[in-house]
Amino acid sequence: MNRYSEDFIRAIPKTDLHVHLDGSLRLSTLIELARERRIELPSYTEAGMNELVFKETYKDLNEYLEGFYWTGKVLQDAEALERTAYELAYDNFAEGVRYLEVRFAPQLHISKDLSFEAVMAAVNRGLCRARTEINRNIPEDVPPFDYGIIVCAMRFFTEKFSEYYKDLYRLLPYSTQEEVIRIASLQLAKAAVRLVSESDIQIVGFDLAGSEYGYPASAHEESYDYVHKHFLKKTVHAGEAYGPESIFQAITKLHADRIGHGLHLFDEAMIFSEDVGNKKTYIENLVNYIAENRTTIEVCLTSNLQTSPHIKDIREHSLKKMLDHKLSVTFCTDNRLVSHTSVSREYGLALDNFDISPSQLKDIVIYGFKRSFSYKPYTEKRKYVRQAINYYEKLEKEFHIAR
């Protein structure tokens with residue numbers, strides 16, 4: 001089914017709008033950082049870590065998430081954060097990614113020795129340093145490398161997640177878990193907005209990540225209202241472990257500009273509210289709303305197959321229905337290390353298993369640039385998108401891709 005060569009896929013200008021910093025370390029770096037910081041790992045070899053932690057397949061989402069325990073342990077100082085961000089930028093550039101939006105939850109890294117501002121500055125420093133080095137040698141007709149940072153609020157956490165959360169629970173002993181989660185989310189929203197106004201750190205968006213089932217978006221309405229009023233772009237993990245109602249909440253309650261995953265958008269069996277009425281009509285209306293508003297879905301094929309083992313064949317993924325309904329989609333990695341993937345691999349998976357025409361492929365690539373949360377003024381962003389389109393069309397001719 002794939003009519004495109006690996007060289008073409010690698011060469012075309014791409015984006016990754018959904019990639020978690022703490023899920024995308026180089027495995028060699030993780031081991032090195034652990035040794036330097038005297039952190040005990042299940043194994044100190046790449047083969048051992050891949051056998052015990054970062055597997056090709058996982059039995060469920062909980063097993064998938066176990067790897068973040070180890071990556072989180074080594075990302076508790078500015079040097080480690082800067083290094084991993086720097087390396088992530090280079091790893092993406094090496095496979096043709098020209099625009100990258102890195103996301104992570106800063107509150108997982110804040111401690112008495114590392115403030116929110118210090119965490120964000122370290123990650124920004126690594127990405128900025130890589131961008132400067134990369135763009136020194138970029139030809140004029142090639143889109144330069146650029147990036148943005150998305151901060152993630154957590155749907156769920158306990159005091160064991162980080163020193164920051166431990167202190168928060170200690171300071172709020174009479175609050176319910178939902179109240180603590182709401183406060184943490186709003187604090188992050190206010191911190192992000194303030195840092196955008198007071199620094200050149202390239203925070204471009206706000207996200208809601210973590211356990212979706214049982215932890216609704218309603219606890220985060222206040223924080224999303226806050227960033228919305230301050231013109232920060234918004235994406236939400238939704239439809240990954242829950243159904244269409246979660247996506248509806250993300251759009252209507254959290255003003256989502258993009259949806260992370262959206263895997264179960266078409267799944268009637270995952271609608272549980274009695275207020276919905278006709279489930280088929282509900283989904284049709286939701287899909288039409290998403291299509292008309294060009295709400296882009298950040299599709300992560302490998303990750304979805306690993307966290308949803310009930311999907312036995314990739315062709316059962318809802319991507320086909322998304323394409324049939326002309327939705328705006330962009331291919332993303334989610335977690336390069338945990339899922340053993342890359343942007344080029346995600347494109348290859350899609351093209352090998354779904355009938356994607358040359359014109360559809362071009363649209364998917366360009367959606368990534370158009371629907372990015374770029375910090376640039378609109379006029380400059382338009383020029384950047386046009387540069388990406390021109391370069392893509394040049395490569396189509398070089399590789400004899402007929403549309």
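Each value in this text was obtained by applying a stated rule to the coordinates, not by laboratory testing. Everything numeric here is computed off the predicted structure, so don't read it as measured data. Here Cβ is always computed from backbone atoms with ideal geometry, including for glycine, and neighbour counts include all displayed protein chains.
What percent does the relative contact order of the chain come to when contacts are Cα pairs within less than 8 Å and at least six residues apart?
Once normalised by length, the contact order is 21 percent.
Could you tell me the distance between the Cα centroids of the stretch 211-269 and the stretch 348-403, to the nearest Å?
26
Going by average Cβ density within 10 Å per residue, which order do the peptides 109-118, 93-102 take, highest to lowest?
So the peptides 109-118, 93-102, ranked by packing, come out 93-102, 109-118.
Within 10 Å, count the other beta carbons around each residue, average over each peptide in 74-85, 134-145, and list them highest first.
74-85, 134-145
Quick one: the Cα spread of the stretch 186-270 along its three principal axes, in angstroms, biggest first?
Ordered largest first, the stretch 186-270 gives principal extents of 47, 20, 20 Å.
Using the structure shown, list the pairs from Lys14/Lys190; Lys55/Lys160; Lys14/Lys321; Lys280/Lys321 with a Cα-Cα distance above 20 Å, or answer none.
Violating the 20 Å limit, Cα to Cα: Lys14/Lys190; Lys55/Lys160; Lys14/Lys321.
Return the tail of the calculated pair distribution for the stretch 76-181, meaning the percent of Cα-Cα pairs more than 20 Å apart.
48
How much net charge surrounds Arg83 when only the other residues with a Cβ under 11 Å from the Cβ of Arg83 are counted, with Lys and Arg +1 and Asp and Glu -1?
Taking every other residue near Arg83 into account, the sum is -3.
Looking at Val204, Gly262, Val236, which one has the Cα that reaches farthest to the positive end of the dipole of the stretch 170-283 (charges on Cβ: Lys, Arg +1; Asp, Glu -1)?
Looking along the dipole axis, the top candidate is Val204.
Got the relative contact order for the stretch 167-234 handy, in percent, Cα pairs under 8 Å and 6 or more residues apart?
40
With runs of 4+ DSSP H residues as the only contributors, calculate the mean residue ellipticity of the chain at 222 nm using -39,500 (n - 2.57) per run, divided by the residue total and rounded to the nearest 500.
Helices in the chain give a 222 nm mean residue ellipticity of -14500 deg cm²/dmol.
Towards the positive end of the charge dipole of the stretch 1-70, with charges on Cβ (+1 Lys, Arg; -1 Asp, Glu), say which of Gly23, Tyr64, Leu41 has the farthest Cα.
Gly23
So, with +1 on the Cβ of K and R and -1 on the Cβ of D and E, and no other charges, what is the size of the charge dipole of the chain about its Cα centre, to the nearest 20 debye?
It works out to roughly 960 debye.
What does the charge count near Val53 come to, summing +1 for each Lys or Arg and -1 for each Asp or Glu among other residues with Cβ under 14 Å from its Cβ?
Cβ neighbours under 14 Å give a net charge of -4.
Can you compute the charge dipole magnitude of the stretch 274-372 about its Cα centre, using +1 on each Lys and Arg Cβ and -1 on each Asp and Glu Cβ, nothing else charged? Give it in debye, rounded to the nearest 20.
Charge dipole of the stretch 274-372: 220 debye, to the nearest 20.
If you project the alpha carbons of the chain onto the principal axes, what extent comes out on each, in Å, largest first?
63, 56, 46
Net charge around Ile247, counting only other residues with Cβ within less than 14 Å of its Cβ (Lys, Arg = +1; Asp, Glu = -1)?
Within the 14 Å Cβ shell, the charges total -3.
Using Cα pairs under 8 angstrom and six or more residues apart, how large is the relative contact order of the stretch 249-403, in percent?
After rounding, I find 19 percent.
If you consider only alpha-carbon coordinates, what radius of gyration and Dmax does the stretch 255-403 have, in Å?
16.7, 55
Which of the lysines could a cross-linker bridge to Lys253, judged by Cα under 17 Å and excluding same-chain residues fewer than eight apart?
Counting by Cα, and skipping residues close in sequence, Lys253 has these lysines nearby: Lys229, Lys233, Lys234.
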